[in-house]
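The next block holds one structure in the form of structure tokens; read it before the comments.
The values are calculated or read from the model by the stated rules, or taken from the named source; none is laboratory data. Source: prediction; values computed, not measured. Methodologically, a virtual Cβ is constructed for each residue, glycine included, from the backbone with ideal geometry; neighbour enumeration extends over all protein chains shown.
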Amino acid sequence: MRREGVPIIVVLPAAIGAAFFIVPLVGLIVRSPWGDALSALSAPETLEALKLSLIASLSATAVALVLGVPLAWVYARVAFPGRDLLRALTTLPMVLPPVVGGIALFLAFGRSGLLGAWLDNTFGITFPFTTAGVVMAEAFVAMPFLILTVEAGLRSMDRRYEEAARALGANRWRVFMRVTLPLIGPSLFAGAVLCWARALGEFGATITFAGNFPGVTQTMPLAVYLLLETNQEASFILSLVLLLVSLVVLVGLKDRWLGNA
């Protein structure tokens, strides 16, 4: 088959568009002080921020799995008035400015917030400026990625397998655990990885709701922000770490989004 030529009117803006994304990344790689990479990554404050980032992002992903999978199932399987509005509200953090999300969390769960005052007075539980607040902020902005991915998997799966299992006498819970979850496994995995990567890179909602306290709420993105003012070379190295994680996630999930193209 003869290959069709690509018109220059398409190639030129496409090349400029690609360069718009690639040149800043190349600049980060070229200007980073590779000779100081080991010392920057092994610094106590860096290791502390990395440890907190991993704990918080994995915890946020766990929260998203526990709450987001049932929510995705409801969106995919249950028709009720206002479903589209509810879906829009629960996935709004994907497009909401993170700082606005942090302010919203503070007004809801702060010590004088809608629920925060009751939690503080009744149980002595506070979320702002704590590690738990970091987990909450990251789950708030990252869970929508899991919800939409899992919902898409549920909508595209062949429900005849579930119907066959029910006809053979399996109850709802057994069907969900033994049939539904394995069938949506790729979507569940992709959604969880996207959720984790988004949580790992979260900045705006975290610094607004939880603050930037080393060892308590200072995650890797917050450490990068602080190092920009005190040690730019170290901030470049930490940025490369986050860049590498994001690149691995995107390449690893390419087939999930684009098939085998």
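Only residues that are aromatic (Phe, Trp, Tyr) and either at pLDDT 95 or above or surrounded by fewer than 22 Cβ atoms within 10 Å (Cβ to Cβ) (or both): list them for the stretch 110-142, please. Break it down into steps so the answer makes sense when it comes.
Applying the first criterion (aromatic (Phe, Trp, Tyr)) to the stretch 110-142 yields 118, 123, 127, 129, 140.
Once the filter is applied, which keeps residues that are aromatic (Phe, Trp, Tyr) and either at pLDDT 95 or above or surrounded by fewer than 22 Cβ atoms within 10 Å (Cβ to Cβ) (or both), the stretch 110-142 yields TRP118, PHE123, PHE129, PHE140.
Mind checking whether some residue in the stretch 18-25 is surrounded by 11 or more Cβ atoms within 10 Å (Cβ to Cβ) and closer than 26 Å to GLN218 by Cβ?
Within the stretch 18-25, one or more residues are surrounded by 11 or more Cβ atoms within 10 Å (Cβ to Cβ) and closer than 26 Å to GLN218 by Cβ.
Could you give every pair whose Cβ atoms fall below 7 Å, whose first residue belongs to the stretch 157-178 and is farther than 17 Å from PRO70 by Cα and free of Cβ contacts under 8 Å to residues at least 12 places away in the same chain, and whose second residue is surrounded by 14 or more Cβ atoms within 10 Å (Cβ to Cβ) and among the β-branched types (Val, Ile, Thr), counting only separations of at least 6 or pairs across chains?
ARG166/VAL175
Please find, among LEU65, LEU58, LEU52, the residue that is surrounded by 13 or more Cβ atoms within 10 Å (Cβ to Cβ), touching a Ser or Thr at 6+ places or on another chain (Cβ under 7 Å) and either assigned to a helix (DSSP H, G or I) or among the aliphatic types (A, V, I, L, M) (or both).
Details: LEU65 fails: touching a Ser or Thr at 6+ places or on another chain (Cβ under 7 Å); LEU58 fails: touching a Ser or Thr at 6+ places or on another chain (Cβ under 7 Å).
So the residue among LEU65, LEU58, LEU52 that is surrounded by 13 or more Cβ atoms within 10 Å (Cβ to Cβ), touching a Ser or Thr at 6+ places or on another chain (Cβ under 7 Å) and either assigned to a helix (DSSP H, G or I) or among the aliphatic types (A, V, I, L, M) (or both) is LEU52.
Considering only residues of the stretch 156-172 that are hydrophobic (A, V, I, L, M, F, W, C) and part of a helix (DSSP H, G or I), which is surrounded by the fewest Cβ atoms within 10 Å (Cβ to Cβ)? Before the answer, list the steps.
Step one: filter the stretch 156-172 for residues hydrophobic (A, V, I, L, M, F, W, C), giving 157, 164-165, 167-168, 170.
Pick out the ones that are also part of a helix (DSSP H, G or I) and you get 164-165, 167.
Working: ALA164: 12, ALA165: 18, ALA167: 8.
The residue in question is ALA167.
Given (1) within 30 Å of GLY110 (Cα to Cα); (2) in contact with a helix residue (DSSP H, G or I) (Cβ under 8 Å, 6 or more places away or on another chain); (3) surrounded by fewer than 18 Cβ atoms within 10 Å (Cβ to Cβ); (4) among the acidic types (Asp, Glu), identify the lone condition not met by GLU229.
(2)
Working only within the stretch 115-155, note down all residues that are of a type outside the set (A, V, I, L, M), part of a helix (DSSP H, G or I) and in contact (Cβ under 8 Å) with a residue 12 or more places away in the chain.
Residues of the stretch 115-155 of a type outside the set (A, V, I, L, M): 116, 118, 120-124, 126-131, 133, 138, 140, 144-145, 149, 151, 153, 155.
Going one step further and asking which of them are part of a helix (DSSP H, G or I), we end up with 116, 118, 120-123, 131, 133, 138, 140, 144-145, 149, 151, 153, 155.
Correct list: GLY116, THR131, GLY133, GLU138, PHE140, PRO144, PHE145, THR149, GLU151, GLY153, ARG155.
Inside the stretch 174-220, can you point out the residues that are charged (D, E, K, R) and surrounded by fewer than 21 Cβ atoms within 10 Å (Cβ to Cβ)? Before the answer, list the steps.
Initially, the stretch 174-220 is screened for residues charged (D, E, K, R), giving 174, 178, 198, 202.
If the condition is that a residue be charged (D, E, K, R) and surrounded by fewer than 21 Cβ atoms within 10 Å (Cβ to Cβ), then ARG174, ARG178 are the ones that fit.
If only one of SER42, SER32 is surrounded by 14 or more Cβ atoms within 10 Å (Cβ to Cβ) and of a type outside the set (Phe, Trp, Tyr), which one is it?
SER32
Go through the stretch 62-84 residue by residue and tally those that are over 26 Å from GLU162 (Cα atoms) and modelled with pLDDT under 95.
So the answer is 1.
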